[in-house]
Each structure stands twice: as C-alpha cells, then as structure tokens.
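So the structure is just underneath, and the comments pick up after that.
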Amino acid sequence: MEKLEKRLRARDFAPVRAALLLLGLLIALSVQLLRQSEGAMLWIYSHISRPYHAFMSRLCSHFSFSAAEVFYAVLIIGLLAYLAFVIVRLIRRSGRLLQLFRCVITLGMAAALFWAGLCVLWTPYYSAPSFSGQSGVDDGPVEVSELAAVTRYFAALANEYAEAVPRTEDGSWDYDRRDILERAPEVFDAAAETFPCLEGEDLVPKGIYFSTIMSYLDFTGFFFPFTGEANVNMASPVFLLPSTAEHEIAHQRGVAAEQECNFVAIFACLESEYADYRYAGAALGYIYLGNALSGADREAWEEVYYSLSETVRRDFSENNAYWDQFEDSAVQSASNSVYDSFLKSNGQELGRQSYGKCVDLLTHYYLDAALEAAG
C-alpha cells in the first residue's frame, strides 16, 4: 500500500511534463535575452533557423497539402480530445485538484514548447540583415508630393493591367487559383535576379483547405516556421492572390519584416510577364500608397482615386465587401490582438500598422519611373 501511494504521488506531479514546461520557458526566455546580442542571434539564424527551414520546406514540398494546416488540425483535435478526457476524469474520479494540476501542467508544457519553437525558428529573422539593408533600396521618409506622384503612377498601372486580365461575362477573374500558385515561384525569380539576397529554392505556396477560418482570423496568408511552408488563403478574392503568394514566398526566402515582404511581392508581380500578377502587384501597391496618401493629402488622394477605372474600383469594392463580413468579429479582434503583440515582441514597434511602411520603399524605388511617366 505504501509503495502504491508513493507511485501515485510521483505520477500526480507529472515531473516529465513539468520539466518540459520549464525547458520551453527557459529556451524562450534565453532567446529573448539573446536578442541584445546581434552576434548570438545571427548565429542562431545562420546555423539553426535557416538550415531547418531549408530542410523542412524542401521536405514538405513533396506533399500536395499544407503540413502546417495538418499540424494545426491535429493540435486542435488533440487539445479538444484531451480536455474531454480531463472532464470525464474529473467527473468519475476523486482527486480533482490533482487532476486539474496535471491538466494545467500539460497545457502549459504544450504552450511553452510551441512558443520556444517560434522563438528559435522565427525571432532570429528579425536580427538578420534586412532586405532594405542588403538590397540598398531606400526606406527613409518621403515627401507628400513624391507619395502623390507614385500613387498616381500605380493607379495608372492598375488601370492598364486590369484590362489585360481575362474575365468571365460577369467580370470575374477567369483564372484557376491552383494555377496562380503554381506560377508563383517562377514569378519570384525576377525579384531574386534583381536582388540576389532573395535567392532560394523554387517552392510552390500551399493553399489552405479551411481558408474561411483564415478569413475569420483576418489572414490572407502566413509563413509557418515549424514546416517552412508559405501558406495562402484560397477563399479571399482572387485578384490579390498573386501578390499574397509572393509575400509569403518572401518570408520563406528569409525576409521577416512585413513591410519589406509587401514591397518584394509588389516588385515581383510588376516584373512578371503574367497579366494577373502584374495587376495584383499594381493593385496592392496602390492600396498601400493610396491609404498613406489619404491621410497625408485627402484632396490629392480623391483626385487619384477617381482616376481609377470602373473595373479596378469594382475589384476593390468586391474585395472590401468580402472582408467586411468578418469585420468586428470576436475571433478577428482576438487574432489581431495576438498577432499585433507578436509583431511588437519581435521589434516591429508599429504592430500591424507596420504593413503601411512599405510605401517608403515603393515611393523611393518607383519615383523616377513615376516622374518620367508624368512627363
């Protein structure tokens, strides 16, 4: 009897799970402390994060489905099954306090290990050389007049490219989403040729099967550090799918900052020979530039906005209508809050607003072309 009691006591404290919880917390804390040392973070980036992603992305490329989506599905189903198991034990067995303790330890262990993985596999990217630093593209402040000129230039490009996109009788895009993804690596090669820091293996982004869930979370795509995959929302309006695919490939090629990924995506799309990609790049560029100009010079923004063709404005309207149905949902608010905190924890001080900073890169890079086009 005494031996049985001792065995039960040892098991009740779940020492292995408690040790793994502490290990996960220790790893996550260590990475956060090492952020003060650029050399240490670069070592982790060069010797752990990037090699791991190169291996995993190549491995997962052999699957037609998203391994990241399977990971989350198994995680969620496993979590629900475990909670159901715990509830049944709480109802049927005594020692409820110990059962709750074990449950907390188990969930804490899973959360700590997940967070530790993110810290090791993604946080070092923010200490690696930035795209703007490696490419030499200026990302400094811009004048309002320069912003207006480049916004006007992108509006004209959107008008031009929108008419080259094949459409059905009702004006919808006549494209297969899978075909768009298959061409994404080829399109990205143009960006890599201009900016060698973007070179990497050609891997097709993965379409998420349960994409509507992503829409509720307010995501058009995501790079998953555990599998090295670029994943995209297949339920959102198709006209921005090409630029979304390029954005996620930019993450896969080592670009961490969201605003830099947006610039890379827009550049890659505009350099493409495909009408759908060129239009997606021009449209996405106009969205960020137009939003910035609207806050800086409303009158100039109105002039540019009303120069957009009916085709472009209809596409924008349909895009807005799609996302409006998910606006202000509790799920979206929670998702935005968590992701905002994640960006800030990795040095992206503007949080989700950091997406708007790509206008500086766009304005500097395309200013000469905009001025030349304006005569």
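The values are calculated or read from the model by the stated rules, or taken from the named source; none is laboratory data. Just so we're clear, the structure is a prediction, and the values are computed from it rather than from any experiment. In this analysis, Cβ positions are derived from the backbone assuming ideal geometry, glycine residues included, and neighbour counts consider all displayed protein chains. Surface accessibility is based on the protein's heavy atoms, side chains included, excluding ligands, DNA and RNA. Shrake-Rupley method; radii C 1.70, N 1.55, O 1.52, S 1.80 Å.
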Scan (1) surrounded by 13 or more Cβ atoms within 10 Å (Cβ to Cβ); (2) within 26 Å of the chain's Cα centre (by Cα) for the single condition Leu98 breaks and write down its number.
(2)
Of the residues Glu258, Glu186, Glu248, which is more than 12 Å from the chain's Cα centre (by Cα) and either modelled with pLDDT of 95 or more or more than 26 Å from Pro166 (Cα to Cα) (or both)?
Glu186
So which of Ser57, Ser64, Ser49 ends up being under 28 Å from Ala184 (Cα atoms), at pLDDT 90 or above, exposed (fewer than 14 other Cβ atoms within 10 Å of the Cβ) and within 24 Å of the chain's Cα centre (by Cα)?
Ser64
Go through segment 145-166 and count every residue that is among the aliphatic types (A, V, I, L, M) and farther than 11 Å from Leu289 by Cα.
6
I'd like the full set of residues that are under 14 Å from Ala14 (Cβ atoms), assigned to a helix (DSSP H, G or I) and at pLDDT below 85, limited to segment 85-98.
Leu97, Leu98
Flag if Gly171 is touching a residue at least 12 places away in the same chain (Cβ under 8 Å) and either more than 28 Å from Val312 (Cβ to Cβ) or part of a helix (DSSP H, G or I) (or both)
no
Within segment 113-154, can you find the residues that are touching a helix residue (DSSP H, G or I) at 6+ places or on another chain (Cβ under 7 Å) and among the acidic types (Asp, Glu)?
Asp138, Asp139, Glu146
Within segment 60-72, the residues that are without any contact (Cβ under 8 Å) to a residue 60 or more places away in the chain, of a type outside the set (Phe, Trp, Tyr) and part of a helix (DSSP H, G or I) are Val70
State yes or no: is Ser94 among the polar types (S, T, N, Q) and under 30 Å from Gly228 (Cβ atoms)?
no
Anything in segment 33-46 that is surrounded by 11 or more Cβ atoms within 10 Å (Cβ to Cβ) and in a helix (DSSP H, G or I)? List them, or say none.
Leu34, Glu38, Ala40, Met41, Leu42, Trp43, Ile44, Tyr45, Ser46
Reported set for segment 228-255 where residues are β-branched (Val, Ile, Thr) and either surrounded by fewer than 24 Cβ atoms within 10 Å (Cβ to Cβ) or closer than 22 Å to Phe195 by Cα (or both) is Val238, Thr244, Ile249, Val255
Just give me the residues in segment 118-144 being under 16 Å from the mean Cα position of the chain (by Cα) and open to solvent by 30 Å² or more (accessible area, probe 1.4 Å), in sequence order.
Tyr126
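This table checks each residue for (1) open to solvent by 20 Å² or more (accessible area, probe 1.4 Å); (2) within 24 Å of Phe65 (Cβ to Cβ); (3) not aromatic (Phe, Trp, Tyr).
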site: Glu169; (1), (2), (3): yes, no, yes
site: Arg178; (1), (2), (3): yes, yes, yes
site: Glu182; (1), (2), (3): yes, yes, yes
site: Val187; (1), (2), (3): no, yes, yes
site: Glu201; (1), (2), (3): yes, yes, yes
site: Ser211; (1), (2), (3): no, yes, yes
Answer with yes or no whether Arg152 is without any contact (Cβ under 8 Å) to a residue 60 or more places away in the chain, over 30 Å from Thr123 (Cβ atoms) and basic (Lys, Arg).
no
Restricting to segment 267-302, what's the tally of residues that are charged (D, E, K, R) and touching a residue at least 40 places away in the same chain (Cβ under 8 Å)?
4
When (1) under 29 Å from the mean Cα position of the chain (by Cα); (2) open to solvent by less than 60 Å² (accessible area, probe 1.4 Å); (3) farther than 30 Å from Tyr306 by Cβ are applied to Ala156, the one that fails is (3)
All-but-one check, Ile287 against (1) modelled with pLDDT under 90; (2) hydrophobic (A, V, I, L, M, F, W, C); (3) under 18 Å from the mean Cα position of the chain (by Cα), failing number (1)
Of the criteria (1) surrounded by fewer than 22 Cβ atoms within 10 Å (Cβ to Cβ); (2) of a type outside the set (A, V, I, L, M); (3) farther than 30 Å from Leu42 by Cβ, which one Arg278 fails
(1)
